[in-house]
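K.L.:
Okay, handing you the structure first.
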Amino acid sequence: MMRAAAVTSARPAARLSPVRRVKNLLMGALILLATLLVVAPLILIFVYLLREGLGALNLDFFTRTPAPEGEAGGGLLNAIAGSLEMLAMASVIGVLVGVAGGIFLAEYPRHPLMPTVRMLSDVLAGIPAIVMGLVAYSLIVLRFGFSGLAGALALGFLMIPIVVRTTEEVLKLVPLSVREAGLSLGLPQWVVILNIVLPAAAGGIVTGVMLALARVAGEAAPLLFTAFGNSSVNLDPTRPMSALPLEIYRGATSAYDENQRLAKAGALLLITLIFLTSLLARRASRVKR
Amino acid sequence: MSEPAHRPTTRAALSSGSDRVFQVLILALASVIVLVFVLSVYQLGREAWPALHTFGWHFFTGRTWNPVEGKFGAASMIAGTLVTSLAALVISVPLAVASALFVAEYAPKWLANPVGYLIELLAAVPSVVYGLWALFVIAPVLGRWQTAYFLDPANVPTLTRCNQLWAEGQTSLQCFFVPSGAGGRGLALAVIILTVMILPYTASVARDVIRLVPADQREAMYALGATKWEVISRAILPYARAGILGGVILALGRALGETLAVAMVIGDSQEILKSLWGNASTVASVIANQFGDAQETLHRSSVVALGLSLFALSVIVNFAARLIIARLTPKGLQ
């Protein structure tokens, strides 16, 4: 009885005081405003590139190389070809080492080297891309000169930790019972891993590889002193090669309108491809769940 | 009698043999990760040795960076890196946490997913594209403001005083905020673009951690009659702070190593910082801007030494992040 009375009498006091109500609304509004501020640059950048770059994304852009300095016309075929080739080479390194590293971390958790590999993979993930460029420079360029291979090596090194991380996480999502079912049939562990666990995790691994590709496709810093750039189309990996981000960097810092125009168009192409890749990766991972 | 017992052993031996081969193969490929790390340290160390040997600790404390005289001290660019990164961090953290709260707590699902996705895309935009945008869009806006400041007669006394101070190589608190050029480029623009670039890292980590806060925690607070903001500030944020701090440090790591966007807008000057609007440089921007032209051995070696310091810095930041997360994670959460 007493308690009930206390509750009824306390009810008016429990009503929100104006200070609390205003504070609550104010913080809500601030949070909304901050979110708008966070998202705004992305939209502004995309709209700007659409407005400035879409006009230059014509047939010439995809089929020709840059015109000589100061002249009009030309395209970025050299950069598109170089980017594709270097990314393909980088994927070989990134996928092979990354997936193997992920398998090692997820399937051999009691191996004495496991903590070291896990730690170094995390450390590599934090190393600035330009430093990887310096490493590839001193490894390859100092001996053999600028080459697409050196650029691909730097990009591949950057891909490794991303692929390791996602592969490990996805493999750990595969239930233990699946492995036990395979082992109980007398299958060796490697058959279980390659034929049962990996296929079950394939979607997630592909997502990780695509995210890693999207990340390194936009890197120009590690290519500055490795692939170096090339104004004509070059498919020979032992010679200097161009890449989209490199051309964007050179064009944006160039004094010529024509180079700036190509840079903006290249940026639009690059950003669209990267967005599409991340979108696809997200789709793939959602279907999996 | 011995036959049935014998057969399984051969099978087991067979499978364990092939297992061993597979394990060795996986181990060999995984060791490439270790190899990359060791090679990085070795190669950078070897290339950086001449500079570190010549200058010793003065390499980090010396203020002159003069390729012509062959004197290399990295103090000004280390300061540039720290100032830009910390300033960008201070601006971006409240914004990032707020956007994470919006996505995790405020927005209905149909809005939360696209907004969360947009924030993730922000992390996917390449550095050069940010640089291009800063150079072509934000720099002119800042430049217009700076020109207007210079043309305003009311500012003439301040400008004269500051110009005098700057000429003597000094600055004051007031002069630090007075524009020193009208191009728009400089330290301030670098901070702005860095802020935008590191926002998504803190934001997406913060969002994930906030989503992990148990519903009980919220409901208990609501049951006490708390408003939404009170629930957020007293039940959710304290619970999620370790994870959020981890995201902040991740963002710090990104900011320290961010190269091209900064190199494009910061103005590449190795003088001591005199104005927020003046040209400056960071460790990473100097590597990008000077390595290609560094023909002379000591210059080249000094630039690689900068890379080695950046490498060491990112390793330290990585470990600090783990330590802090381990310390601050509430008991019962891992």
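K.L.:
Semi-axes of the equivalent ellipsoid for the stretch A:1-145, please: Cα gyration tensor eigenvalues, times 5, square-rooted, ordered largest first, whole Å.
P.N.:
On the way: eigenvalues 604, 235, 37 Å².
Equivalent ellipsoid semi-axes, largest first: 55, 34, 14 Å.
K.L.:
Using only the Cα atoms, what convex hull volume per residue in Å³ does the stretch B:56-328 have?
P.N.:
161 Å³
K.L.:
Further question on the same structure: Which log10 I(q)/I(0) values does the stretch B:89-226 give at q = 0.15, 0.21 Å⁻¹ under the Debye formula, counting every alpha carbon as one identical point scatterer?
P.N.:
Ignoring solvent entirely, the Cα scatterers give -0.85, -1.21.
K.L.:
Rounded to the nearest whole Å³, what is the per residue volume of the convex hull around the Cα atoms of the stretch B:164-286?
P.N.:
Values: hull volume 16.1 nm³, N = 123.
Enclosed volume per residue, from the Cα hull, is 131 Å³.
K.L.:
Roughly how far apart, in whole Å, are the Cα centres of the stretch B:145-183 and the stretch A:210-289?
P.N.:
40 Å
K.L.:
Could you compute the FRET efficiency for B:Glu296 and A:Leu235, with r as their C-beta to C-beta distance and R0 at 41 Å, rounded to 0.05?
P.N.:
Details: r = 34 Å, r/R0 = 0.84.
For B:Glu296 and A:Leu235, the calculated efficiency is 0.75.
K.L.:
Now for a separate question. Quote the FRET efficiency, to the nearest 0.05, computed for A:Arg51 versus A:Ala255 with a Förster distance R0 of 30 Å and r equal to the Cβ-Cβ distance.
P.N.:
Numbers: r = 22 Å, r/R0 = 0.72.
So the FRET efficiency works out to roughly 0.85.
K.L.:
Let me ask something additional. If the viscosity is 1.002 mPa s and the temperature 20 °C, what Stokes-Einstein diffusion coefficient in µm²/s follows for the stretch A:80-288 when Rh is the Kirkwood radius over Cα pairs?
P.N.:
Numbers: Rh = 18.3 Å.
Here the translational diffusion coefficient equals 117 µm²/s.
K.L.:
Still on this structure, I have one more. Per the Kirkwood definition applied to all pairs of different Cα atoms, how many angstroms is the hydrodynamic radius of the stretch B:77-118?
P.N.:
Values: mean 1/r = 0.0848 Å⁻¹.
Kirkwood radius, the stretch B:77-118: 11.8 Å.
K.L.:
At 0.36 nm per residue, and after removing the present C-alpha to C-alpha distance, how many nm does the segment from B:Asp152 to B:Ala312 gain when stretched out fully? Before the final figure, lay out the partial values.
P.N.:
On the way: separation 160, 0.36 × 160 = 57.60 nm, distance 4.66 nm.
Contour length minus the Cα-Cα distance gives 52.9 nm.
K.L.:
Between the stretch A:142-166 and the stretch B:246-293, how far is it from one alpha carbon centroid to the other, in angstrom?
P.N.:
Centre-to-centre (Cα) distance: 23 Å.
K.L.:
Dimensions of the stretch A:67-183 along principal axes (Cα, Å, largest first)?
P.N.:
Result for the stretch A:67-183: principal-axis Cα extents of 66, 28, 22 Å.
K.L.:
If I stretch the segment between B:Trp57 and B:Leu224 completely, what's the gain in nm (0.36 nm per residue apart, minus their alpha carbon distance), one decimal?
P.N.:
Values: separation 167, 0.36 × 167 = 60.12 nm, distance 5.83 nm.
Using 0.36 nm per residue and subtracting the Cα-Cα distance, I get 54.3 nm.
K.L.:
Sticking with this one: Under Stokes-Einstein, with the Kirkwood radius over Cα pairs standing in for Rh, what whole-number D in µm²/s applies to the protein assembly as shown at 10 °C and 1.306 mPa s? Present the calculation step by step, with values, prior to reporting the outcome.
P.N.:
Working: Rh = 26.8 Å.
For the chosen part, D equals 59 µm²/s.
Any read-out appearing in this document is the output of simple, stated calculations on the displayed coordinates, not a laboratory observation. Predicted model, so just to flag it, every value in this text is computed and none were measured. Methodologically, a virtual Cβ is constructed for each residue, glycine included, from the backbone with ideal geometry; neighbour enumeration extends over all protein chains shown.
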